[in-house]
Amino acid sequence: MTAFEALAGGGVARGKLDRGGRFLRWVEGGSGPPVVLEAGAMSPVAGFAAVFKGLVGKHRVIAYDRAGYGASDPAPLTLDGQVDDLVAVLEAAGPSVIVGHSWGGLLAQLATWARPDLVTGLVLLDPSHETFWSDAEPAEHADRTRPATDDPRCQDVLDFGRELADDVARSVTADPHLLVDACLSYLETEDQLLTYLDELPMILDHVDALAMRRTQAAWPRIPVVLLTATKGRPPEFTPQVIAVQEQLATECDGRHQVVPDSGHYLHIDRPDLVIACVEGLR
C-alpha cells in the first residue's frame, strides 16, 4: 500500500471482497473508467507499479491479489476458483478493462468468455495459451504436509522473486526500497510460498479443460490488444508463439503487436507501451 501511495501521490485505498469467509484484497487509486490488473503466475501485482502510476490519473486502477498472493487469503488452487474470483472482482468494480500478463492474460480471456458484460476491453501482455503446454509433463504439486522451504523448487522461487523485485524497482521513479519490499512481501508466508509452488502444477492439470473452453468460447465485440515480447525468447519458439497470438487476434478481432525490445514482463520493460494501449482502447 505504501509503495502505491508513493507512486500515485496519495489517494490510494485498500479494498476487499468477502468470498465466503475468505477475503480477496487489492489496492486501488484514481477515478474514471475502471482498469483491473491481473498478474501472471508466480508474479506479484506490484510488478505493475509503473503501469499503475501511469494510469491512475485518468482511471480507477485496481491492483488485486489472487487468492494466496500478497494480502489475499489463501484458497484451494483451482481453475474455476481463479476465474470466479476475477469475475467477483469485476462485479465489484463494474465493467472494466482487464490488463492481464501471461497466465493473467489467459485468466482475463476466461473471465471475458464467462461474463462478457463485465469486460469493456482487454490488453493482453504475452498471454499464456494452452498450446504452449501441450507437450509438458504434469508438474509435481507441493507436499503440504511439509514446510514449503523443504521443496527443492523453493530456493529458485525465492531467487527469482528477488530478481523480479529489483527489476520492478528500476521500472519506475520511486523509492526503490518501497517497491522491493512490496514485491518481497509476496514471499513471506507459508501459504504464499505454497501458492507460488502449486500454481503452475494446477495450470498444467487443466490444459485439456482450457482447450475445451476455447473451442466453446464466444468473443464479445470489445477492443483487444495483444503484445508479444521476443527479447530473450528462445528463437526456435518465437515463430510458434507469434503464430498462436496472431490466430488469437483473428479470433477476437483484436490487434497484435510484436515487441522486440521487451522481455516477457512487458509491464516492467515497456510500461509506456502498456499504458498507451489502455489509453488507446476504443
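Pick out, from the range 1-120, the helices (runs of 4 or more DSSP H) lying fully within it that include 1 or more residues that are of a type in the set (S, T, N, Q) and in contact with a Leu (Cβ under 9 Å, 6 or more places away or on another chain).
Because the criterion is at least 1 residues that are of a type in the set (S, T, N, Q) and in contact with a Leu (Cβ under 9 Å, 6 or more places away or on another chain), the helices (runs of 4 or more DSSP H) in the range 1-120 that meet it are 2-8, 79-93, 103-114.
Here's a check for you: in the range 127-167, which residue that is outside any loop (DSSP other than H, G, I, E, B) and of a type in the set (S, T, N, Q) is nearest to Gly104 (Cα to Cα)?
This residue is Thr131.
Among the residues of the range 35-58, how many are within 20 Å of Ala88 (Cβ to Cβ) and surrounded by fewer than 21 Cβ atoms within 10 Å (Cβ to Cβ)?
1
Just to be sure, is Asp150 within 25 Å of Leu37 (Cβ to Cβ), exposed (fewer than 12 other Cβ atoms within 10 Å of the Cβ) and among the charged types (D, E, K, R)?
no
In the range 99-147, which residue that is among the acidic types (Asp, Glu) and surrounded by fewer than 24 Cβ atoms within 10 Å (Cβ to Cβ) is farthest from Leu248 (Cα to Cα)?
Only one residue fits best here, namely Asp143.
When you look at Ala217, is it over 22 Å from Ser43 (Cβ atoms), in contact (Cβ under 8 Å) with a residue 12 or more places away in the chain and among the small types (Gly, Ala, Ser), yes or no?
yes
Laboratory data are not the source of any read-out in this text; all were calculated from the coordinates shown. Given the structure is predicted, the values throughout are model-derived calculations rather than measurements. Counting neighbours? That spans all protein chains shown, and the Cβs are built from the backbone with ideal geometry, glycine included.
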